[in-house]
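Student: This is the structure, below, for whatever I ask next.
The values are calculated or read from the model by the stated rules, or taken from the named source; none is laboratory data. Small disclaimer: the values here were computed from a predicted structure and weren't measured. Cβ placement follows ideal geometry from the backbone for every residue including glycine, while neighbour counts extend to all protein chains displayed.
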Amino acid sequence: MDPKTTIEKLQILLPHWIEHNRNHGVEFRKWAASARSEGSESLAKLLDRAAETMVATEELLKKTEMEIGGSAEDHSHPHSHPHAHSHLTLPHDHGPGTDSSRSSHAH
């Protein structure tokens, strides 16, 4: 069996990245709302900007997916599979009221 090409690998990775990126944007919005409710408007604005950046990133990832022949369809599906990111080694929290130690993410 031949090793996968970069395009074949990206056809697998991009849908996951799109969904994962979207999930982080949602988390940022939740944290922004929490900060805002505690009177930290400047912090909330920064988190809102971070969420907006995620939307822009998602659009670029979708364009990339289309460029390689992918569908760029809605990638929302239950996100219960574990995954790792080599660029981060610390666990991260998934929003107000959650326990990061219960996360299925291995960051």
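Student: For residue 39, state whether it is at positive phi, of a type outside the set (A, V, I, L, M) and at pLDDT 95 or above. First the steps, then the outcome.
Tutor: Working: at positive phi: yes; of a type outside the set (A, V, I, L, M): yes; at pLDDT 95 or above: yes.
Yes, satisfied.
Student: Within the bounds of segment 5-16, is there any residue that is under 14 Å from the mean Cα position of the chain (by Cα) and buried (at least 17 other Cβ atoms within 10 Å of the Cβ)? Talk me through it step by step, then tell me what you get.
Tutor: We begin by selecting, within segment 5-16, every residue under 14 Å from the mean Cα position of the chain (by Cα); these are 13-16.
After this cut, where a residue has to be buried (at least 17 other Cβ atoms within 10 Å of the Cβ) as well, the list is 14-15.
Yes, because at least one residue in segment 5-16 is under 14 Å from the mean Cα position of the chain (by Cα) and buried (at least 17 other Cβ atoms within 10 Å of the Cβ).
Student: Just to be sure, is residue 33 surrounded by 12 or more Cβ atoms within 10 Å (Cβ to Cβ), under 16 Å from the mean Cα position of the chain (by Cα) and over 13 Å from residue 17 (Cβ atoms)?
Tutor: Numbers: surrounded by 12 or more Cβ atoms within 10 Å (Cβ to Cβ): yes; under 16 Å from the mean Cα position of the chain (by Cα): no; over 13 Å from residue 17 (Cβ atoms): yes.
So residue 33 does not fit the description; no.
Student: From the list 106, 72, which one is modelled with pLDDT under 95 and closer than 17 Å to residue 12 by Cα? Walk me through how you get there before you give the answer.
Tutor: Numbers: 106 fails: closer than 17 Å to residue 12 by Cα.
Of the residues listed, the single one that is modelled with pLDDT under 95 and closer than 17 Å to residue 12 by Cα is 72.
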